[in-house]
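> Here you go, one structure.
Taken together, the values in this text are just the output of simple stated rules run on the coordinates, not laboratory data. As the structure is a prediction and not an experimental result, all values here were calculated from the model. Don't worry about glycine lacking a Cβ; one is built from the backbone with ideal geometry, like all the others, and counts go over all protein chains shown.
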Amino acid sequence: MIIRMWHGRVRHDAAAAYREFLKDRAIPDYQSVEGNINVKILERREGDATHFITMTMWEKLEDIKAFAGEDVEIAKYYPEDKDYLLEFEPTVVHYEVVGSS
């Protein structure tokens, strides 16, 4: 199993709307791809922004490619993200799951 993690920041006053966007648009998109096991959205308020981590779990790298494209390190964005995000981080990180309970 592979975990794909993306990070984004929004203004505090946009956090609730962005959370709803993720639930309504992003999560269903992830879940529509064969090989997606799970989606978790993490949220933390810090300083002048609210941070979001999208953590998706995938069966194999080929499944991530079906979602993100051939270069799986490049972050995938939705057109609506421009209404919320303070910047667009260019890449994501992947971790191979080597232990679980």
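> So how many residues does the stretch 15-34 have that are buried (at least 17 other Cβ atoms within 10 Å of the Cβ) and in contact with a strand residue (DSSP E or B) (Cβ under 8 Å, 6 or more places away or on another chain)?
6
> Taking the criterion of being part of a strand (DSSP E or B), within 26 Å of Ala16 (Cβ to Cβ) and touching a Phe, Trp or Tyr at 6+ places or on another chain (Cβ under 9 Å), would at least one residue in the stretch 57-70 satisfy it?
Within the stretch 57-70 (the criterion being part of a strand (DSSP E or B), within 26 Å of Ala16 (Cβ to Cβ) and touching a Phe, Trp or Tyr at 6+ places or on another chain (Cβ under 9 Å)), the answer is no, since none of the residues qualifies.
> Of the conditions (1) loosely packed, with under 11 Cβ neighbours inside 10 Å; (2) on the phi < 0 side of the Ramachandran plot, Gly47 fails just one. Which one is it?
(2)
> Being under 16 Å from Gly69 (Cα atoms) and not small (Gly, Ala, Ser) is the filter here; which residues of the stretch 32-52 pass it?
Scanning the stretch 32-52 gives Val33, Glu34, Asn36.
> Just to be sure before I move on: is Met5 out of contact with any Lys or Arg (no Cβ under 6 Å at 6 or more places or on another chain) and either of a type outside the set (S, T, N, Q) or part of a helix (DSSP H, G or I) (or both) in the structure I sent?
Criteria met by Met5.
> Looking at the stretch 74-87 only, could you name the residues that are free of Cβ contacts under 8 Å to residues at least 40 places away in the same chain and either in a strand (DSSP E or B) or loosely packed, with under 12 Cβ neighbours inside 10 Å (or both)?
Listed by number, the residues that qualify are Ile74, Pro79, Lys82.
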